[in-house]
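The values are calculated or read from the model by the stated rules, or taken from the named source; none is laboratory data. Nothing here was measured: the structure is a model prediction, and the numbers come from that model. All Cβ positions, glycine included, derive from the backbone under ideal geometry; neighbour counts span all protein chains shown. Heads up: the accessible areas ignore ligands, DNA and RNA and are worked out on the full protein's heavy atoms, side chains in. Shrake-Rupley method; radii C 1.70, N 1.55, O 1.52, S 1.80 Å.
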Amino acid sequence: GGRLSASTSVVLVRQIGSALAAAHERGVIHRDIKPHNVFILEQSQGYPLFVKVLDFGIAKILGDAELPGAGHTLTQTGSIIGSPPYMSPEQIEGSKHVDLRSDLWSLGVIVYESLTGQTPFRGNSFVAVGAAVLAGKYRPVTELRRGLPPAIDDWFAKALCLDPGGR
């Protein structure tokens with residue numbers, strides 16, 4: 001539905017982030033965070049908006065080497081799965097080492113889109129979107145949406161860092 005207010009975007013990022021943190025604490029990586037998998041209820045449970053993260057169909061349960069106490073994956077590792085505009089660089093490359101930082105990347109893309117009305121990395125095909133993601137170049141949010149604090153560009157620089165260690 002286009003751009004959201006900064007205050008609504010903050011509510012969304014906090015609630016999506018909280019849902020992801022709960023999943024990550026249990027060793028579950030969503031791997032397909034995108035707007036279609038974020039369900040928003042209006043005026044529920046004391047919040048003006050209440051967010052539910054849906055569709056864990058391609059989730060990964062971290063194995064022993066990644067998180068003590070977990071054991072298997074729900075989908076084959078090394079496969080390219082997800083929705084291209086929201087996929088992290090490591091997902092696009094088909095890495096076996098996709099972890100919670102991939103979900104953080106996707107959350108960054110959703111927040112970017114909520115503030116600007118467009119995704120940071122675009123193209124007419126999977127290959128074009130993938131190339132844009134791997135190039136890591138996007139317009140700063142403050143160029144597309146006047147009135148936002150300059151520090152938000154620093155937040156996006158971390159959220160959309162090509163190196164998972166920088167997220």
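Take the stretch 81-140 and flag every residue that is closer than 18 Å to Cys161 by Cβ, in contact with a Leu (Cβ under 6 Å, 6 or more places away or on another chain) and in a helix (DSSP H, G or I). If the condition is that a residue be closer than 18 Å to Cys161 by Cβ, in contact with a Leu (Cβ under 6 Å, 6 or more places away or on another chain) and in a helix (DSSP H, G or I), then Pro89, Asp103, Gly108 are the ones that fit. Looking at the stretch 136-167 only, could you name the residues that are among the small types (Gly, Ala, Ser) and surrounded by 18 or more Cβ atoms within 10 Å (Cβ to Cβ)? The answer is Ala159, and nothing else.
So which residues in the stretch 141-151 are outside any loop (DSSP other than H, G, I, E, B) and free of Cβ contacts under 8 Å to residues at least 24 places away in the same chain?
Once the filter is applied, which keeps residues that are outside any loop (DSSP other than H, G, I, E, B) and free of Cβ contacts under 8 Å to residues at least 24 places away in the same chain, the stretch 141-151 yields Thr142, Glu143, Ala151.
Selection of first residues in the stretch 1-25 that are small (Gly, Ala, Ser) and of second residues that are modelled with pLDDT of 85 or more and assigned to a loop (DSSP other than H, G, I, E, B), restricted to Cβ pairs under 7 Å at least 6 apart or on distinct chains, gives the following pairs, ordered by first then second residue: Gly2/Gly117; Ala6/Leu148. Annotation for the stretch 107-128: at least one member residue is touching a Ser or Thr at 6+ places or on another chain (Cβ under 8 Å) and either loosely packed, with under 15 Cβ neighbours inside 10 Å or closer than 18 Å to Ile29 by Cβ (or both). Pairs are defined by a Cβ separation below 6 Å, a sequence spacing of at least 6 or placement on different chains, a first member in the stretch 41-58 that is modelled with pLDDT of 70 or more and surrounded by 14 or more Cβ atoms within 10 Å (Cβ to Cβ), and a second member that is among the polar types (S, T, N, Q) and assigned to a strand (DSSP E or B); the pairs so defined are Phe50/Ser44. Would a scan of the stretch 100-117 turn up a residue that is touching a residue at least 12 places away in the same chain (Cβ under 8 Å), within 25 Å of Asp55 (Cα to Cα) and touching a His at 6+ places or on another chain (Cβ under 6 Å)? The answer is yes; a qualifying residue exists.
Of everything in the stretch 5-29 that is open to solvent by 40 Å² or more (accessible area, probe 1.4 Å) and outside any helix (DSSP H, G or I), the residue that is farthest from Arg101 (Cα to Cα) is Ser5.
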